[in-house]
Amino acid sequence: MNGAHDAGRTDELGRDMELAERLGVLDPASGDPHYWLRFRASVMGDAARALAHRRLLAELTVSDVLTSWGRAVVPAALAAAVAGLMLLRAGSVDVTPVAVQLEPFPVAELETLELLSPDQAVGFAALPEAF
């Protein structure tokens, strides 16, 4: 490469200045010089929290898990039991059965279904009586 030609296109670190100018629009630090410092601090903080969480999970025992479930499940079960008792008490009102009288209905007034004649039943399958 020609040194004179490269002198106008590159900086002291050897970066292509034209490319750096075009890519500068995509750099979030172009408008905020402290962006990458805050980004690094945010990533490191998230990583520290995740590692601490994993360390705690590694030390958990079965009884710890059951205890944590119990904190959520026991109050919900108690609330369901109380609601069930309230429903049972509400349904325990003294109810006397009422006898229903059926009125006689003449069989002659029943509507009968008209069956298809064998000539009209073309395309239907006959099922055995077991069905």
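Taken together, the values in this text are just the output of simple stated rules run on the coordinates, not laboratory data. On a predicted model such as this, the values are computed, not experimentally measured, just so you know. FYI the Cβ positions are ideal-geometry reconstructions off the backbone, even for glycines, and counts take in every protein chain you see.
Annotations
- Amide H partners (placed H, <5 Å) of THR10, local residues excluded: MET17
- Stretching LEU78 away from THR61 to a fully extended chain increases their span by 3.6 nm, per 0.36 nm per residue minus the current alpha-carbon distance.
- Calculated FRET efficiency, SER68 to ARG38, Cβ-Cβ distance, R0 = 30 Å: about 0.30 to the nearest 0.05.
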